[in-house]
Amino acid sequence: MSLRDAPRLETIERWMQAVVMHPEGAEAAVQSKPARRLLPQAATNLESVVLPSKSLSSIERLGIYAHMYYARLLEILVAEYPTTQLVLGEKAFERAGRRFLERNPSKHRTLSHLSERFPEFLSRHLPPGNRSRFAVDVARIERAMEDVFDAARAEPLTADEFASISADQWHRVRLRVIPALRLLKLRFPANDYMNMARRRGRPRLPRARETFVIVYRRDFQVFRRDQEAGQFKLLAALASGRTLEQAVRSSVSGRGGDADRLAATLGAWFREWAAAGIFCAIER
């Protein structure tokens, strides 16, 4: 091949990408339609594009890069979903992860978006059963942790700003939640399991029980916390844009009992959220 007939660098780069990202390995990739469209000569004479080394053939050299590509992305999945891997087991997690990467190749300049759809993928492709359903709940928490870590920063409300809201303003005041907050309604006590796994290594899988979890970032640290059903309902109503009065009415409707006790409960919830820095603005 003369220098004049040599393919452009851009074409070689696109061909290399098509080969390395092919899910069936380098040999199948070189013969694939996308690769043949870019460099048809490589399908019959690979050495004209990739030179062999003293110890490796051209296809073996390509195979190293193809293996490294998926190995590196699987490492990222394991780093982001360590407890999900614990629940599924290493082999089952790797199989699911590789299928996910094959169907959802990275399309961003950074890898922070790589696993955004992984919990959804698991919910549709894992075999039926409680272990799979539980793994999806755990994956949703671990995905939320990644999301809030990268979310925009907002200055939380101070105690004085909270104190400025009088009872006669509740009907027209809205509290804006921080961008780094996620609310999760789950089918299993996944947050408890994650806490136990951190302390003990491999706890027993729990039975199904509806739980409510918030995941948020305060300063540069990510937290996850269980919530009571009414507490979660109130926070979800506030996050949706309801006024304080509307949110409280919707979350405590049907609750009987002493008014003082109810007021104390609401006060405890708001103190907890204020300490966590959940709210960032008051809208009147």
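Kindly indicate whether VAL177 is buried (at least 20 other Cβ atoms within 10 Å of the Cβ), farther than 26 Å from ILE76 by Cα, at pLDDT 95 or above and not aromatic (Phe, Trp, Tyr). So that I can check it myself, show each step before the final result.
Details: buried (at least 20 other Cβ atoms within 10 Å of the Cβ): yes; farther than 26 Å from ILE76 by Cα: yes; at pLDDT 95 or above: yes; not aromatic (Phe, Trp, Tyr): yes.
Yes: the conditions hold for VAL177.
Can you say whether ARG202 is open to solvent by 40 Å² or more (accessible area, probe 1.4 Å), assigned to a helix (DSSP H, G or I), in contact with a Leu (Cβ under 9 Å, 6 or more places away or on another chain) and not aromatic (Phe, Trp, Tyr), as far as the supplied structure shows?
Values: open to solvent by 40 Å² or more (accessible area, probe 1.4 Å): yes; assigned to a helix (DSSP H, G or I): no; in contact with a Leu (Cβ under 9 Å, 6 or more places away or on another chain): yes; not aromatic (Phe, Trp, Tyr): yes.
The answer is no for ARG202.
Can you tell me how many residues within the range 78-128 are within 24 Å of ASN191 (Cα to Cα), free of Cβ contacts under 8 Å to residues at least 60 places away in the same chain and assigned to a loop (DSSP other than H, G, I, E, B)?
Residues that pass the stated criteria total 10.
Can you tell me which of (1) closer than 30 Å to ASN130 by Cβ; (2) among the acidic types (Asp, Glu); (3) in contact (Cβ under 8 Å) with a residue 60 or more places away in the chain is the one GLU228 doesn't meet?
So the condition that GLU228 fails would be (3).
Considering the range 136-150 alone, what residues qualify as being closer than 19 Å to ALA276 by Cβ and open to solvent by less than 20 Å² (accessible area, probe 1.4 Å)?
The answer is ILE141, ALA144, VAL148.
Matching residues to (1) open to solvent by 80 Å² or more (accessible area, probe 1.4 Å); (2) modelled with pLDDT of 95 or more:
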position: LYS185; (1), (2): yes, yes
position: THR211; (1), (2): no, yes
position: ALA236; (1), (2): no, yes
position: ALA239; (1), (2): no, yes
position: THR243; (1), (2): no, no
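Name the residues in the range 1-22 that are at pLDDT below 80, open to solvent by 60 Å² or more (accessible area, probe 1.4 Å) and either aromatic (Phe, Trp, Tyr) or not in a helix (DSSP H, G or I) (or both), would you?
MET1
Looking at the range 213-229 only, could you name the residues that are surrounded by 17 or more Cβ atoms within 10 Å (Cβ to Cβ) and either more than 20 Å from the chain's Cα centre (by Cα) or in a loop (DSSP other than H, G, I, E, B) (or both)?
Selection gives GLN227 alone.
The values are calculated or read from the model by the stated rules, or taken from the named source; none is laboratory data. Computed from a predicted model, the values in this text were never measured in an experiment. Glycine gets a Cβ as well: all are built from the backbone with ideal geometry, and neighbour counts include every protein chain shown. Heavy atoms of the whole protein, side chains included, go into the accessibility calculation; ligands, DNA and RNA do not. Shrake-Rupley method; radii C 1.70, N 1.55, O 1.52, S 1.80 Å.
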